[in-house]
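Engineer: The structure under discussion is supplied below as structure tokens; questions concerning it will follow.
Rule-based calculations on the coordinates, nothing more; no lab input. Here the structure is a predicted model, which is why all the values come from computation and not from measurement. Backbone-built Cβ (ideal geometry, glycine too); neighbour counts: all protein chains shown.
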Amino acid sequence: MVIHRGFTLIELIITIAILALLLAVGIPFTQRWGQSARVQQVESTLKQGFAHAKAIALRNPNGVKDGTATAAVLTLTGDSFFVCEGAPSSCGASNAVWQASKSGNTSITIGANTAWTLGLTAQGLATSSNYTVSDGNESATGNLH
């Protein structure tokens, strides 16, 4: 009597079908996991940038006297965050005291604007503080303070 070792064609097809089903179910979960991680990372970077801008505003290196004038700026230009001293019009990579980048797929809304510059007074008060960070189906909202 000959004993055959190995798998039959039916067993292999069933195994491949089960693996394909597991992959089809698992891919959306993996995508959401990645989106959630990007949202958390960008939200953390936004909060870091706000903390840097607030620290600069409170130090008031330009000697801003008016309570409503801008002492520091946090801005998003393209995929880069910049923190600068002084007026919003001059904030960019050349004069940033802090900068970081974000994922290209992630969007940030401050107030109702997706292109934004956030000014802080010498008291550390922001012009707007509500934000939404989103990527695909994942989003996070909060206040900067």
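Engineer: Answer with a single label: of (1) 2.14; (2) 1.97; (3) 1.69, which was calculated as Cα Rg over 2.2 N^0.38 Å from the structure in view?
Structural biologist: Entry (3).
Engineer: Would you order 64, 83, 97 from fewest to most other beta-carbon atoms within 10 Å of each residue's own beta-carbon?
Structural biologist: Details: 64 19, 83 26, 97 15.
Least to most surrounded, the residues fall as 97, 64, 83.
Engineer: Modelling each spin label as a point 7 Å along the Cα-to-Cβ direction, I'd like the residue 65/residue 79 distance in nm, to one decimal.
Structural biologist: Each label point is offset 7 Å from its Cα along the Cβ direction, giving 4.5 nm.
Engineer: Give the whole-number value, in cubic angstrom per residue, of the convex hull volume spanned by the C-alpha atoms of the range 69-145.
Structural biologist: 86 Å³
Engineer: Take 19, 9 and order them by how many other Cβ atoms sit within 10 Å, fewest up front. Working shown, then result.
Structural biologist: On the way: 19 10, 9 7.
Ordered from fewest to most neighbouring Cβ atoms within 10 Å, 19, 9 come out as 9, 19.
Engineer: Taking R0 as 25 Å, what's the FRET efficiency between residue 97 and residue 141 from their Cβ-Cβ distance, rounded to 0.05?
Structural biologist: Using R0 = 25 Å, I get an efficiency of 0.35.
Engineer: Ok, one more. What lysines could a cross-link reach from residue 102, if we take a straight Cα to Cα line under 23 Å and drop same-chain neighbours fewer than 8 places away?
Structural biologist: 47, 54
Engineer: Relative to the longest principal axis of the chain, what angle (0 to 90°, nearest 10) does the C-alpha long axis of helix 9-59 take?
Structural biologist: 10 degrees
Engineer: Then there's this: How high is the relative contact order of the range 9-143, given as a whole-number percent (alpha carbon pairs under 8 Å, six or more residues apart)? Display every interim value, and only then the final one.
Structural biologist: Values: 228 pairs, mean separation 33.6, N = 135.
After rounding, I find 25 percent.
Engineer: Please order 144, 21, 125, 46 by the number of other Cβ within 10 Å, starting at the fewest. Could you put the intermediate results ahead of the total?
Structural biologist: Working: 144 19, 21 10, 125 15, 46 23.
The most exposed by this proxy come first: 21, 125, 144, 46.
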